[in-house]
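The values are calculated or read from the model by the stated rules, or taken from the named source; none is laboratory data. Keep in mind it's a predicted model, so treat the numbers as computed, not measured. Reconstructed Cβ throughout: ideal geometry from the backbone, glycine too, with neighbour counts over all protein chains shown. Accessible surface areas use protein heavy atoms only, side chains included; no ligands, DNA or RNA. Shrake-Rupley method; radii C 1.70, N 1.55, O 1.52, S 1.80 Å.
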Amino acid sequence: MRFGARDAVYLFIIFLLITQLWSVSRENERLQEEKRGVTESLVDSLLIHEIFEVRHHAKLTKTLMSNLTDPEFKLALLIELNNTKYSLFRLERDADHLGARLGYEDDSLYPSGGKCVELLEIVYYKVQSENATHKDVLLAAKGLDAIINFTHVYPPTYENVVQGLSDMNEECQRLLQTKNGT
């Protein structure tokens, strides 16, 4: 078989196409990796923002818990309890949603179920109905401490946030069991 100039040109063109395909494939891999890094940074930033919001509301709620007899404080406390509850609920929901977006399919990475939100809801209704006892105030303070302690997650990566949420909810679960047991 004879190898001519035209065959050499065809082989050269095939070589160029294969090289171009390899180059495009490598660039696509690099862009996918860069996209994942940017997505993780955005998720971490969003969660950090929401953590600061939860911390702000929890600290304000804890401060307002000191005076349940003043009607103005009571109204402000109810508003902040609701804001804290909503911010925490939104953080847990977003952590769940964003984890799926990052590709985490392991259920152990999801928050363990909103027990602190449940605790805040119980305290809210106790304060609203004016049936809050000293034990309820202590329960709320301990729950708010668990929430505030969670907000000091460092470094605030997705995995650390989810682990912090899980630990925080376990503490609130323990507090709720203690309340129900007494």
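Things to note:
- Element breakdown for the chain at a 1.4 angstrom probe: carbon and sulfur atoms account for 57% of the accessible area.
- The residues of the chain have, on average, 64 Å² of accessible surface per residue, using a 1.4 Å probe with all protein chains present.
- Shown is the FRET efficiency for Ala76 and Thr157, computed with R0 = 45 Å from the Cβ-Cβ distance and rounded to the nearest 0.05: 0.85.
- Answer label, with mean projected area of the Cα convex hull in nm² calculated from the coordinates and candidates (1) 14.7; (2) 11.4; (3) 16.1: (1)
- With a cut-off of 13 Å between beta carbons, the residues surrounding Met168 carry a summed charge of -2, where Lys and Arg count +1 and Asp and Glu -1.
- P(r) tail, the stretch 67-171: Cα-Cα pairs separated by more than 24 Å, 30% of all pairs.
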